[in-house]
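Taking it in order: structure first as structure tokens, then the write-up.
The values are calculated or read from the model by the stated rules, or taken from the named source; none is laboratory data. Keep in mind it's a predicted model, so treat the numbers as computed, not measured. Using ideal geometry, Cβ is built from the backbone for each residue, glycine included, and neighbour counts are taken over all protein chains shown.
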Amino acid sequence: MSDQDDLPRYRLLTGPDDADFCRRVSEALAQGYRLHGSPAMTFDGRRVVVAQAVVRDEGRLGEVTPV
């Protein structure tokens, strides 16, 4: 079993809207994830916080079916 097989099929990446968050999303895409849905943004009183869901179609459980 490879490291890729151990990755979850769904992840919700969250954090401040900065270059580090963009790098985390880019790394997930490089690992075989794809964007799922639109990003979400909110303001916590100090900074903008963002969230982006990502999914992997491959894996032991089969394909992800959009809803």
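Right, Y10: loosely packed, with under 15 Cβ neighbours inside 10 Å, aromatic (F, W, Y) and in contact with a Lys or Arg (Cβ under 9 Å, 6 or more places away or on another chain) or not?
yes
Being aromatic (F, W, Y) and either assigned to a strand (DSSP E or B) or more than 13 Å from V55 (Cα to Cα) (or both) is the filter here, so list the residues in the stretch 19-42 that pass it.
Of all residues in the stretch 19-42, those aromatic (F, W, Y) come to 21, 33.
F21, the sole residue that qualifies.
List the pairs whose first member sits in the stretch 46-58 and is within 20 Å of L29 (Cβ to Cβ) and among the polar types (S, T, N, Q), whose second member is in a strand (DSSP E or B) and modelled with pLDDT of 95 or more, and whose Cβ atoms are under 7 Å apart, counting only residues at least 6 apart or on separate chains?
These pairs meet every condition: Q52/L13; Q52/L35; Q52/P39.
From the set of residues in the stretch 25-62 that are at pLDDT below 95 and loosely packed, with under 11 Cβ neighbours inside 10 Å, which is nearest to D6 (Cα to Cα)?
The residue in question is R60.
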